[in-house]
Amino acid sequence: MEVGNIKVPEGMQLNSNKEIVKKIINKLADNEGYCPCMQIKNNDTLCPCKYARGEMKACRCGLFIPINKKDNQYYFVVLKN
């Protein structure tokens with residue numbers, strides 16, 4: 001599955017909170033596809049970031065969550081407008 005040109009990492013699903021997803025997608029667009037939670041722009045921070053793709057299977061910004069988990073079990077970074 002893909003969100004725009006962003007491939008959903010294996011073992012993860014898109015956050016069901018459409019408001020959070022919309023904010024993050026807008027921030028990703030503003031940040032040229034790099035994680036809006038990270039200050040560095042490199043291959044490790046290109047969405048989905050290394051943190052989400054790696055063993056942690058967690059997305060810092062909340063765009064993706066592990067499959068079969070509830071959104072409210074995770075704390076997400078609050079992205080300011």
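The values are calculated or read from the model by the stated rules, or taken from the named source; none is laboratory data. Only a predicted model underlies this, so the values are computations on that prediction, with no experimental measurement involved. Here Cβ is always computed from backbone atoms with ideal geometry, including for glycine, and neighbour counts include all displayed protein chains.
If the condition is being surrounded by fewer than 16 Cβ atoms within 10 Å (Cβ to Cβ) and either in a helix (DSSP H, G or I) or at positive phi (or both), then segment 26-54 contributes Asn26, Ala29, Asp30, Glu32, Gly33, Asn43, Asp44, Lys50. Looking only at segment 5-25, which residues are over 13 Å from Phe64 (Cβ atoms) and surrounded by fewer than 16 Cβ atoms within 10 Å (Cβ to Cβ)? Within segment 5-25, Asn5, Lys18, Glu19, Lys22 meet the criteria.
Run down Ile67, Ile40 and say which single residue is β-branched (Val, Ile, Thr), over 10 Å from the mean Cα position of the chain (by Cα) and at pLDDT 85 or above.
Only one candidate passes the filter, namely Ile40.
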